[in-house]
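Below: the structure, in structure tokens.
The values are calculated or read from the model by the stated rules, or taken from the named source; none is laboratory data. Quick caveat: nothing in here was measured; it's all calculated off a predicted structure. We place every Cβ from the backbone using ideal geometry, glycine too, and count neighbours over all the protein chains shown. Heads up: the accessible areas ignore ligands, DNA and RNA and are worked out on the full protein's heavy atoms, side chains in. Shrake-Rupley method; radii C 1.70, N 1.55, O 1.52, S 1.80 Å.
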Amino acid sequence: MIARPSTRLAAAVIALSLPALAADLVPVPKPNPFTPAKPIAPRSPEELLKVTELPPGYHLETVLSEPDIKEPVAIAFDGDGRMYVAEMRSYMQDIDGNNEHDPVSRVSVHCSSKHDGVYDQHAVFVDKLVLPRILLPLDKGRVLIGETDSNDIYLYTDTKGNGVADKKELFFQGGPRGGNLEHQPSGPTWAIDNWLYTTYNSYRLRWSPDGQTKKEPTAANGGQWGVSQDDWGKLWFVNAGGERGPVNYQTGIVYGAFNTKDQTAPDFEAVWPIVGLADVQGGENRYRPENGTLNHFTAACGGEIYRGDKLPAELRGDLFFGEPVGRLVRRSKVEVKDGITHLSNPYGQSEFIRSTDPLFRPINFNNAPDGTLYITDMYRGIIQEGNWVKEGSYLRKSVQQYALDKPTGRGRIYRLTYDGMKPGPQPGMNRETAAQLVAHLEHPNGWWRDTAQKLLVLKQDKSVVPALTTMAKTSKNPLGRLHALWTLEGLDSLTPELVRETLKDENPQLRATAIRLSETLYKNGDTSFAADVQNATKDQNGDVVLQALLTTKLLNIGDWKKTFADTISASNYRGVKEIGDMILHPPVQAAPLAMSNEEKKLYKEGEGIFQTLCAACHGLDGKGMPMVGAAPGVMLAPALAGSRTVLGWREGPIHVLMQGLSGDIDGKKYEGQMISMATNDDAWIASVLSYVRNTFGNRAGFVTPQQVAAIRAATKDRVQPWTIAELRATLPQPLANRKEWKLTASHKPKDVGLAIDGKPETRYTTGTSQVPGMWFQIELPQETQLAGVQLECLKSPNDYPRGYKLELSSDGEHWKSVATGKGSGPITDIPFAPAKAKFVRITQTGSVSGLFWSIHELQIFAANDAAMASAKPAGH
């Protein structure tokens, strides 16, 4: 391996050596034209390590490689140190990702016969899987596994002890899941609170002795690949989709997803590879023109807080994750200052691990039983899924330039070691008694503590309750006390007396833990803890106060808003003030004022989908995410607030989700391509579109699953994404010549202009109760091919027409009815078969006492090409 100078000198030395080193191995790219280069050839594991640099004293050892494993994406250890490996053997085996969902993937298991960390025994635990991504060993021979395109999790058991599962049981029924395979949950982590957490899913799961898996909601965690916890049980997520790196780690995700303005050091998201290949999804904005190296996170994944005991203490508590597009490993220094968790890169303009081998793809990290850190390297050419490598994309040209589609079917697992520090022994916990397991709760390696706690909870052997209680009260190891308390909680043996005693502990972390533990007792009926939690908001330690606030909100104790306001006002602790204020004053999203029960269901489901998946690129506020590190104004994805496509004819956004959208939009380039979401079902697409069309200030009609199904059937043969020009050419567009319209009405004709003045707060209204025969008429400046009308009355949401008839005319005398129906909410969409007309008349056919017929805004839609001539230019 390439040795590297000390951290203090690393930035300067690497800055000097980088161009020469990169040029020796990989030519600087020529984006236009993409001149064919020498194909990238795979190296053996030994050859790879020779061109991989680490800080002085650190080394990588190959633990597993091909042919024993292929396309590894995740590993997990059982209580005896057996290593289970999820192998996505169908992932991107060619440039188009053909046959990716064939059931040819597997989970393998690997053992060390001499218990010395040399994995020399191999078996296929479960075969014929579809891209496995959920992997968690429970106890001996029992492993939870989840596959792509499903939220179901199964428990596989090896009853014969031969390393091959022969029994399959449903652990959790989550139902089918669609979408790109990069946008699906991974994990899980059995956290210190005895709940299981995955990425993407806005819920947590819990094993139960009665066989009924419990489920509780959480905030949207924003994670994409990999979830970890620190010593005190706080969860950590990493997101590649939004090019953000670590996200939502300020508090436990069950309390909310919080990010503060300066939680990372300046330029933390800049990366410093030594491979100048520029095979990046973002194109020219995402690499340095002088040497072709990636300039910013674009594929951050696999985060793990190092908690072992066989590497230098300086690493303990730091977050490690991969940036496989940059062929590097980021070590993030974690520091908590005044209640806010901060991250920094201790190597300046360098990285903890970097390789000059373009096939080095570190994607996952694991604390290991031997006290070291294990790194999963998919070792391949293409790392991004086929939707980002489509015809015409920048990435496809780069892949073809270096023949990166050819190296497949490999993969390695490495062990990170340090001079003079020998990896620890292999465990044998699956064979130990409950009493023996209790002792491991004080082990210096976090993996041992976590695993012992998990096994004790699974055993449900309450004979160890006295020993656990003693440890929780008297151990000199705070982390041992922590795990003893949570193990008691998992055994349903936690007493109010022990929790209240811990609330008075001199260690503030244990006092905060006691508040978390009280949540279980409170939910089980002991509401007397409400007073204890509220008293804790006056603690002298800011971390304890913040936890008390979080628990107060979670349990909805008393007037929690007043408690928050009073506590924030009295506190000088930054974490209390900033995070407390985020909870007390969340961003306000104006939802539709009137929804049917079915619409409420669609909206709520769409909200969860958007916050979990779409917000990474479009922003939680729908205004789009700036592309950090690029020129000002460069966005990862377009704004959805006020979007012409979102607010236009509903078929438009359905088309976008069905086939995707590529290319510039009104002359503006966006780096994040909108890929197809067609593998999700009709209800999924309808719900997210209904949410987007009625949030961020948007107001448009809901989308139904039936409407999605119709579009799906009509475009079933289309595989290419739309361009915005092509999409608009096929859709009705709102007429932009409203100033030239002539309006009249049966009631209050002097006020008709208020329906088209562009001011949602003003309205045309009949001024009297709705009765049949009321009408509103528009004369256009010329005869136009029309396709629909939209009536909006959001500011008076009950004033929609109880019934309507829409007629068209060429001369204002001879009329043809083209649509009839009933309004059901503040947005009334009236589509009809395209027809030419100069006059449009809407007649009210229903009746309701005490409610007027009002129109705050009226739009008329022209069909297809007719719209292009009159539609006002606007953003996407």
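Using 0.36 nm per residue of separation minus the Cα-Cα distance, give me the extension gain between T159 and N572 in nm, one decimal.
Full-extension gain reported as 142.9 nm.
Please return the longest range in the chain lying between exposed loop sites, taking GluC sites (Glu not before Pro), DSSP loop only, at most 16 other beta-carbon atoms within 10 Å, and leaving the sites out. Don't skip to the end; give the middle numbers.
Working: sites that count: E290, E385, E391, E506, E761, E813.
Longest site-free region, per DSSP loop and neighbour criteria: 1-289.
Can you compute the modelled spin-label distance between R712 and S746, with each label point 7 Å from Cα toward Cβ, in nm?
With each label placed 7 Å out from Cα toward Cβ, I get 4.1 nm.
Provide the per residue accessible area, probe 1.4 Å, for the stretch 656-785, rounded to a whole number of square angstrom.
Result: 44 Å² per residue.
For the stretch 235-367, give me the percentage of DSSP beta bridges that are antiparallel, rounded to the nearest 5 percent. Intermediate results must be reported in sequence, preceding the final value.
Values: 19 of 20 bridges.
Around 95 percent antiparallel, to the nearest 5.
Could you tell me the center-to-center distance, by alpha carbons, between the stretch 347-422 and the stretch 698-761 in angstrom?
46 Å
Where in the stretch 738-752 does the label zone of T768 land, with the point 7 angstrom along Cα→C-beta and an amide N cut-off under 13 Å?
746-749
Hey, got a sec? Which trypsin sites (Lys or Arg not before Pro) in the stretch 632-678 land in a DSSP loop and have at most 13 other Cβ atoms within 10 Å? Each step should come with its number before you reach the end.
Values: sites: R644, R650, K668, K669; in loops: R650, K669.
Of the trypsin sites (Lys or Arg not before Pro), the ones in loops of the stretch 632-678 whose Cβ has at most 13 other Cβ atoms within 10 Å are K669.
Order the peptides 694-706, 320-332 from the highest to the lowest mean number of other Cβ atoms within 10 Å of their residues.
Ranked from most to least packed, the peptides come out as 320-332, 694-706.
With each label point set 7 Å from Cα along the Cα-Cβ vector, what nm distance links E497 and D166?
4.9 nm
What do you get for the angle between helix 705-714 and the principal long axis of the chain? Use alpha-carbon atoms, 0 to 90 degrees, nearest ten.
90 degrees
For the stretch 453-551, what is the accessible area per residue in Å², given a 1.4 Å probe and the full set of protein chains?
On the way: 3980 Å² over 99 residues.
Value returned for the stretch 453-551: 40 Å² of accessible area per residue.
Excluding P312 itself, what net charge comes from residues whose Cβ is under 12 Å from its Cβ, given Lys and Arg +1 and Asp and Glu -1? Could the numbers behind the result be given before it?
On the way: positive: K310, R316, R331; negative: D309, E314, D318, D419.
So the surrounding residues net to -1.
Can you find, among G642, G245, S105, the residue sitting farthest towards the positive end of the charge dipole of the chain, where Lys and Arg contribute +1 and Asp and Glu -1 at Cβ?
Ranked along the dipole, the leading option is G642.
Taking only C-alpha pairs under 8 Å that are 6+ residues apart, what is the relative contact order of the chain in percent?
On the way: 2058 pairs, mean separation 82.5, N = 876.
Reported relative contact order: 9 percent.
What nm distance separates the two modelled labels at K669 and N99, each placed 7 Å from Cα along Cα→Cβ?
3.6 nm
With a probe of 1.4 Å, find how much accessible area the stretch 148-214 has per residue, and write the answer as a whole number in Å².
Accessible area per residue, the stretch 148-214: 39 Å².
Checking the a/c ratio against 1.5 first, then a/b against b/c, what shape does the Cα gyration tensor give for the stretch 691-787?
It comes out prolate by the Cα gyration axes.
Which one of P45, L791, V771 is farthest out on the positive end of the charge dipole of the chain, using unit charges on Cβ (Lys, Arg +1; Asp, Glu -1) and the Cα centre as origin?
V771
Computed from the coordinates I sent, Rg/Rh (Cα atoms, Kirkwood Rh) equals one of (1) 0.96; (2) 1.01; (3) 1.05. Tell me the label.
Answer by label: (2).
Be a star and scan the stretch 689-706 for residues whose amide nitrogen sits under 20 Å from the point 7 Å along the Cα-to-Cβ vector of T730.
689-690, 703-706
Multiply the residue separation of K504 and D559 by 0.36 nm, subtract the distance between their alpha-carbon atoms, and state the gained length in nm to one decimal.
Between K504 and D559, full extension yields an extra 17.3 nm.
Just flag the trypsin sites (Lys or Arg not before Pro) in the stretch 434-516 sitting in loop per DSSP whose Cβ has no more than 12 other Cβ atoms within 10 Å.
When the trypsin sites (Lys or Arg not before Pro) of the stretch 434-516 are filtered for loop state and at most 12 Cβ neighbours within 10 Å, K476, K504 remain.
Once you have a ≥ b ≥ c as the square roots of the Cα gyration tensor eigenvalues for the stretch 620-770, tell me rounded if a/c is under 1.5, and otherwise prolate or oblate according to whether a/b is larger than b/c.
prolate
Would you mind pulling out the separation of the Cα centroids of the stretch 595-648 and the stretch 39-109, in Å?
Their Cα centres are 35 Å away from one another.
Please determine, in degrees from 0 to 90 and to the nearest 10, the orientation of helix 446-459 with respect to the longest principal axis defined by the Cα atoms of the chain, where the helix direction is its Cα long axis.
80 degrees
In the chain, what % of DSSP beta bridges are antiparallel (nearest 5)?
Among the beta bridges of the chain, antiparallel pairing accounts for roughly 95 percent.
Angle check, please: helix 682-692 long axis (alpha carbons) against the longest principal axis of the chain (alpha carbons), in degrees 0 to 90, nearest 10.
80 degrees
Given the rule -39500 (n - 2.57) for each run of at least 4 DSSP H residues, summed and divided by the residues of the chain, what is its mean residue ellipticity at 222 nm, to the nearest 500 deg cm²/dmol?
Taking each H run of at least 4 residues, the total per residue is -7000 deg cm²/dmol.
So if I take the centroid of the Cα atoms in the stretch 514-542 and the same for the stretch 799-831, what is the distance between those two points in Å?
58 Å
Set the Förster radius R0 to 60 Å, insert the Cβ-Cβ distance between S208 and K816 as r into 1/(1 + (r/R0)^6), and round the FRET efficiency to 0.05.
On the way: r = 64 Å, r/R0 = 1.07.
With a Förster radius of 60 Å, E is 0.40.
For the stretch 101-208, what class follows from the C-alpha gyration tensor (a ≥ b ≥ c being the square roots of its eigenvalues): rounded when a/c is under 1.5, otherwise prolate if a/b is larger than b/c, else oblate?
prolate
Computing the accessible area with a 1.4 Å probe over protein heavy atoms, can you report the carbon and sulfur percentage for the chain?
52 percent
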